[in-house]
Each structure stands twice: as C-alpha cells, then as structure tokens.
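Notes follow the structure.
FYI, it's all coordinate maths here, none of it is from the lab. As the structure is a computational prediction, the values presented were derived from the model and not from experiment. Here Cβ is always computed from backbone atoms with ideal geometry, including for glycine, and neighbour counts include all displayed protein chains.
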Amino acid sequence: MKFDNPHMSAHSPRMGNAVTRGIGSFGLKLIGWTLVGKMPDEPKFVIIGVPHTSNWDAIAATLAMLASGFKYTFLIKKEWFFWPMGPFLRALGGYAVDRSNGANVPDQLADYFKSQDKVCIGFPPEGTRSKVDKYKTGYLRVAYAADVPVFICAFDGPKKEVVLDRLFPLTGDIKADNLAIKTYIDATWTGVRPEKQ
C-alpha cells in the first residue's frame with residue numbers, strides 16, 4: 001500500500017501500517033523529538049546511527065522509524081532466537097547472526113543482502129555509548145562485502161532531531177573511510193551527551 005511520506009523514497013524498505021506510524025509519531029511528540037530529512041532512493045544499504053551517546057538515541061530512532069514506516073534490520077546473536085523470542089525479534093526486524101568461532105559475519109550479511117529485494121541493516125559504529133577514538137569497522141566490512149552504500153542517520157542532541165543525513169562516498173579503503181566518516185560526524189553533529197562523543 002502506498003502512502004505519502006516526505007521521509008521515504010520510492011525504493012525505501014517499508015513496514016508497518018497507519019497504526020504503527022501513529023504510535024511512532026505520538027511517541028516522538030511525547031519525548032520532544034522530530035524526524036527530518038529523507039531516506040536515500042536505494043533498495044539496499046547499511047545505515048549507521050551516530051553519534052551514539054545515550055539510550056535516547058535508540059528510543060528516538062526506533063520511534064522515528066515507526067513514524068516513517070521505514071524498515072531496518074538490526075543484528076542479534078542467534079542464541080536469542082528461541083521460542084517465543086525468535087518470532088517477536090524477527091517481527092521487529094531482528095536478524096540472527098552466528099558469531100561462533102570461524103563464522104564470517106560480513107559474508108553472512110552479504111548473503112542476506114543478496115537474498116532480499118529491499119533491505120537496510122543498522123549499526124551503531126561506536127559499539128558503545130562511551131567515548132571512542134575511532135569507530136569499529138564492521139559496518140564498512142559488511143557494506144563492502146555486500147557492495148551496498150552507507151547512509152548516515154544522525155542524532156542531533158541540541159535540536160532533538162533524528163536526521164536522515166546523507167550517503168557517504170566510499171573510496172575502497174576501509175581505514176580511510178572509517179576515519180573520514182567519524183571526522184565528518186564529529187565536525188557536523190552533536191550528540192545527546194557531547195562529553196561521550
């Protein structure tokens with residue numbers, strides 16, 4: 001079913017209905033956050049939520065995605081996919097990842113990208129809400145393995161906005177790309193807890 005939404009593009013992965021969008025919109029208003037910007041016109045991409053400095057980031061992002069009707073996949077260890085948690089986590093967008101010895105997570109996710117018509121996988125590249133000097137590179141390794149772009153979703157703490165920012169150009173050099181993305185985020189966006197950025 002089509003619906004008008006200024007935050008979505010023609011190829012955006014979608015989920016939910018008018019009820020879930022209403023819940024998301026009401027939740028955002030309740031916590032005082034807004035959603036701005038637009039998803040890229042890409043059917044498959046990696047999305048990173050940055051700067052990740054507070055639990056409010058995840059709450060605001062989840063409500064924003066509900067409000068927009070956008071579907072993103074988040075990663076959870078396969079051990080969590082037991083009854084009744086498995087069906088519930090899958091319904092929310094969870095994907096079971098095998099992190100056992102020898103398991104190649106980027107290859108697993110590249111296969112998942114190939115198996116879907118539209119899919120977006122989300123990562124918090126800091127891997128923690130604490131201050132980090134550099135991002136973990138897992139999101140880039142997955143993007144390169146699946147040959148998909150990286151899109152930035154920024155948490156603007158001072159304005160209380162979830163910002164659908166931009167596709168970031170990749171060069172083929174993971175280390176350089178990772179540094180360039182963190183440099184861009186630090187220069188452009190201020191998180192909820194700036195001291196942890």
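When N is the residue count of region 85-197, what does its C-alpha Rg come to as a fraction of 2.2 N^0.38 Å? Before the final figure, lay out the partial values.
Numbers: Rg = 15.3 Å, N = 113, 2.2 N^0.38 = 13.3 Å.
So region 85-197 has a normalised radius of gyration of 1.15.
Whole-Hz Karplus ³J(HN,Hα) for region 50-58, in order, using 6.51 cos²θ - 1.76 cosθ + 1.60 and θ = phi - 60°, x for Gly and Pro?
Ordered by residue, 3J(HN,Hα) equals 9, x, 9, 10, 7, 5, 4, 4, 5 Hz.
Just to check, using Stokes-Einstein with a Kirkwood Rh over alpha carbon pairs, what's the diffusion coefficient of region 1-89 at 4 °C and 1.567 mPa s in µm²/s?
Numbers: Rh = 14.4 Å.
Answer, rounded: 90 µm²/s.
When only alpha-carbon atoms count, how far does the chain stretch along each of its three principal axes, as whole angstroms with the largest first?
Over the chain, Cα extents along the principal axes are 44, 41, 31 Å.
Within 13 Å, Cβ to Cβ, of Leu89, how many net charges do the neighbouring residues add up to if Lys/Arg are +1 and Asp/Glu are -1?
Numbers: positive: Lys77, Lys78, Arg90; negative: Glu79.
For residues surrounding Leu89, the net value is +2.
Taking only C-alpha pairs under 8 Å that are 6+ residues apart, what is the relative contact order of region 54-175 in percent? Present the calculation step by step, with values, prior to reporting the outcome.
Values: 129 pairs, mean separation 25.3, N = 122.
Reported as a whole number, the value is 21 percent.
Dipole magnitude of region 33-196 about its Cα centre, charges +1 at Lys/Arg Cβ and -1 at Asp/Glu Cβ only, in debye to the nearest 20?
Working: 21 positive and 18 negative charges, 68 e Å.
That gives a dipole near 320 debye.
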